[in-house]
1. For segment 128-145, name all the residues that are assigned to a helix (DSSP H, G or I) and free of Cβ contacts under 8 Å to residues at least 60 places away in the same chain.
2. Quick one: which residue in TYR228, TYR179 is at pLDDT below 85 and closer than 20 Å to PHE293 by Cα?
3. What is the number of the single condition among (1) aliphatic (A, V, I, L, M); (2) modelled with pLDDT of 90 or more; (3) touching a Lys or Arg at 6+ places or on another chain (Cβ under 6 Å) that LEU291 does not meet?
4. Among the residues of segment 585-638 satisfying the criterion of being outside any helix (DSSP H, G or I) and modelled with pLDDT under 85, which is surrounded by the fewest Cβ atoms within 10 Å (Cβ to Cβ)?
5. Kindly establish whether LYS106 is assigned to a helix (DSSP H, G or I) and either modelled with pLDDT under 80 or among the aromatic types (Phe, Trp, Tyr) (or both).
6. Given the conditions (1) touching a Lys or Arg at 6+ places or on another chain (Cβ under 9 Å); (2) surrounded by 14 or more Cβ atoms within 10 Å (Cβ to Cβ); (3) at pLDDT below 85, which single one is not true for ASP23?
7. Suppose we keep only residues that are at pLDDT 90 or above and over 21 Å from the mean Cα position of the chain (by Cα) within segment 299-308. Which one would you say is surrounded by the most Cβ atoms within 10 Å (Cβ to Cβ)?
8. Against the condition among the aliphatic types (A, V, I, L, M), more than 25 Å from LYS461 (Cα to Cα) and either touching a helix residue (DSSP H, G or I) at 6+ places or on another chain (Cβ under 8 Å) or surrounded by fewer than 17 Cβ atoms within 10 Å (Cβ to Cβ) (or both), how does MET488 come out, does it pass?
Amino acid sequence: MELINYPPKKIYSPSKLKKPDYDHIILWMLNNNEICKWSDFHQEPIEIPTGTLSRHLDKLKRKGFVENYTRGYYRITSEGKKKFHELSRVEKKTRKLNYPPKIILKSSRNYEHWILWMVYNNSFCKRSDFLEEPLSINQSSLSKNLSFLIDKGFIVKEEGKYIITRVGKSEYSRMLKNYDLDRQTILEEEGKRIEDITKKTIKFFEKYNIKDEGTQFRFLNNILRLDYDKVKPILKDEEIFHKILLFLSINHPDKYPNFISSEDFSKIYKIKKTTLDYYIDEISEGKIYPLRFFKLTQPSGEQYYFQSDGKIEKHLQVITENYINKATYLSKLFSKSTTRTPIIDIKSIINDIVDKSCEFLFNRDLKIPLREFLPEYIKYLAYKIETKRELKETYDKLEGIIWQNITEIFESQVSVNLEDQYEDQIKAIDKQIELDPENLDLYYLKIKIMIYFNQYHETLKLLDKLLENFPETEKDIKILKAAVLKRMQNLEPGLDIVDELIQKFPEDNDLICYKAYWMQYLDRKEEALDIIQELIKKDPENGIYQDTFGEILMNFEDYQEATKKFLKAIVISGDAWYLYQTYIKLGICYKALEKYDLALKNLKKGKDLASKGLIDPETKKKWLAIVDLFLAEIEQFRT
């Protein structure tokens, strides 16, 4: 009888708090013996149960790690040997866990907070990590709190490992505010996050041979400020996200005249051009993150990006404010005019700003694009200063008055690019309003134009005025106001408006549905789902509620359940106007679930309905761009 080698006890009989790794045990046996028969795995000391043995052997065979030598006999493959050595390295490597600081552990036995801290500050946690010291959470309390956090969507369990979710990270940040953490602790907390990101960044640089220190610094700065979790629901591959940030980091004014086009970049770094172009536009225009990237476009087409609140933009802001304030002060000092708006030469100011900026901020060859960019930038500063600055001192108040009027001054003196389009459209609609001042549709059209050109502050002013003049349309106007606040990322004031309307119109289900979306925007998953489920109970045959249910689930990455709701919406809704969106969202979910044939089928169906439907051009353009983006990504996976 041939002697069988068995693994050491620490492999087949780990601590009471840990389950045996049967894959590792089986592969150890097969790696350390020429062949093993079925009964060898049943004998002492390992004694693997029959059902467990059958399940694990079948899995290992499917993955190509184990093969049948003959009936009832098994041997390891070359791939299996690699997997065995990989598991052995993991087994030998002692996991070093980060534990919560004393102030959190000693303040109270808030196990939810302990668990959240652990899963945030470690790549994953096992159940045993919470049972062992220094936490020592008892089994009952641990089960209860883990279930609660999973139900809330703060953590997920994958293959026995607990991992924090995007929503969980937001909850973690809120949780820290409950504790009086000192400055050093806060710095340590942030340091851990930076260290983790830096490790990924170094690997990325090594893989793509990124050696320029300026590009490296800008990339790291971008990745620290732009959270991948914001785009993760539709951009699953984090490396693709890193490539997008790399494009922004390379094409910076400091690198002029060096430039790489999106077409060349996509070929070199293996990223779909449609994906790159879409996200560069969305990020640079501030549609995904509060941070935005300003763009200088050379006449020959090269584009250079620099970050808002970055070094260049801060210096440019100082120069711009100085020249605007100086010109306005002098105009007020020497002008005999009693008009409120000072008379200043905007063209001269822009030339001065360009000359000064090109002394040490920009290459002189960038004068033309900088001159084209400045009118838009000055209006951006005017809005920023008017809405964000506290006017406490006399100097601040004077500066506030200057910048309050600067948009008006520019509209009267500057006529370039998008500003021309905006002015022309606003003037045209204002003439129509003068002829028919009671026509509310004209005001809505004006609001649509203002929103398109990101004139949110002026839009809110107009909405307040309309509320006074057309009180009978209070609901529609306030919903519009809430939508504008959402675009400005002022979500809490927007929710206040929605709650106020629901209190006034308690039977309006559309408002209640709108609130479900608002809970989603605020990452309050359970409240969003509760609201939409109540609406479905009230009106089970209304397909729009099933569509909304699916969209909320999709937002929280529960793609499997979302597909069921979208399919139900399609069955119920017949030929409803919104079905093109339902098909597109269903296709996106199938793509996330890696069911590419179903994804293509539904995306193409949605695209066809959108192309033929009577939809306003802006909405149609947006949805068709989304479809094309996902179709391109699926083709990338299938090639």
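The values are calculated or read from the model by the stated rules, or taken from the named source; none is laboratory data. As the structure is a prediction and not an experimental result, all values here were calculated from the model. Note: ideal-geometry Cβ built from the backbone for every residue, glycine included; neighbour counts use all protein chains shown.
1. So the first thing to find is which residues in segment 128-145 are assigned to a helix (DSSP H, G or I), and the list is 128-131, 139-145.
Matches in segment 128-145: ASP129, PHE130, GLN139, SER140, SER141, LEU142, SER143, LYS144, ASN145.
2. Details: TYR179 fails: closer than 20 Å to PHE293 by Cα.
When all the criteria are applied, what remains is TYR228.
3. Exception for LEU291: condition (2).
4. The initial filter retains those residues of segment 585-638 that are outside any helix (DSSP H, G or I), namely 593-595, 613-616.
Going one step further and asking which of them are modelled with pLDDT under 85, we end up with 594, 613-616.
Details: GLU594: 11, GLY613: 14, LEU614: 6, ILE615: 19, ASP616: 9.
Looking at the filtered set, the residue picked out is LEU614.
5. On the way: assigned to a helix (DSSP H, G or I): yes; either modelled with pLDDT under 80 or among the aromatic types (Phe, Trp, Tyr) (or both): yes.
Yes: the conditions hold for LYS106.
6. (3)
7. TYR304
8. Working: among the aliphatic types (A, V, I, L, M): yes; more than 25 Å from LYS461 (Cα to Cα): no; either touching a helix residue (DSSP H, G or I) at 6+ places or on another chain (Cβ under 8 Å) or surrounded by fewer than 17 Cβ atoms within 10 Å (Cβ to Cβ) (or both): yes.
So MET488 does not fit the description; no.
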